[in-house]
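Here is the structure we will look at.
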Amino acid sequence: MPPLHPLGVEDRLLTLAVSLLVGGVAIHAGARVVSDARGYGHAVLTALVGAVVWALLEPVPLIGGLLATVAWVGVVRWRYRGGWLRSIGVGIAAWVVAVVVLATLEFLGVNGVSGLGVPGA
């Protein structure tokens, strides 16, 4: 039996890119519903910054999840007009959109993708 090979670098980069695009779609849709949607590229960059902030803060013992969530909402607030409540609304709408997009992709046979930049997706 041949040994199992882990995903190659190209496969990992493709998965990262698709995951980031899904996160961008979700944030863009959430912003269109709740706030002032800017361009899709703006949403993708927001997803990337949000993912980095989440990755840095979530591992903090005891309060990491809460700290990362507040910081992620802060990134959305910084990138889009509106206060904290609108930013929370964008986050909730983005999560719903990401779940629907990811479920659709899985139904179509695309597995291993996430909604990078959208917590919990």
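Bear in mind that the values in this text are calculations on the coordinates, not laboratory data. Note that this is a predicted model, so its numbers are computed, not measured. Don't worry about glycine lacking a Cβ; one is built from the backbone with ideal geometry, like all the others, and counts go over all protein chains shown.
Once Rh is set to the Kirkwood radius over Cα pairs, what Stokes-Einstein translational diffusion coefficient, in µm²/s, holds for region 8-53 at a temperature of 20 °C and a viscosity of 1.002 mPa s?
Answer from the Stokes-Einstein relation: 197 µm²/s.
Would you calculate a helix-derived [θ] at 222 nm for the chain, using -39,500 (n - 2.57) for each DSSP H run of n ≥ 4 and dividing by the full residue count, to the nearest 500?
Result for the chain, helices only: -24000 deg cm²/dmol.
If you put +1 on each Lys and Arg Cβ and -1 on each Asp and Glu Cβ, how big is the dipole of region 18-107 around its Cα centre, in Debye rounded to 20? Walk me through the numbers on the way to the answer.
Working: 6 positive and 3 negative charges, 72 e Å.
Magnitude of the dipole: close to 340 debye.
If we count every other residue with Cβ under 11 angstrom of S87's Cβ, Lys/Arg +1 and Asp/Glu -1, where does the sum land? Please report the intermediate quantities before stating the final value.
On the way: positive: R77, R79, R81, R86; negative: none.
Surrounding charge for S87 is +4.
Dividing the Cα radius of gyration by the Kirkwood radius, what Rg/Rh value follows for region 18-107?
Using Cα coordinates only, the ratio equals 0.97.
Given I88, I63, L116, which one lies farthest toward the positive end of the charge dipole of the chain, if we put +1 on the Cβ of every Lys and Arg and -1 on the Cβ of every Asp and Glu?
About the Cα centre, the residue reaching furthest to the positive side is I88.
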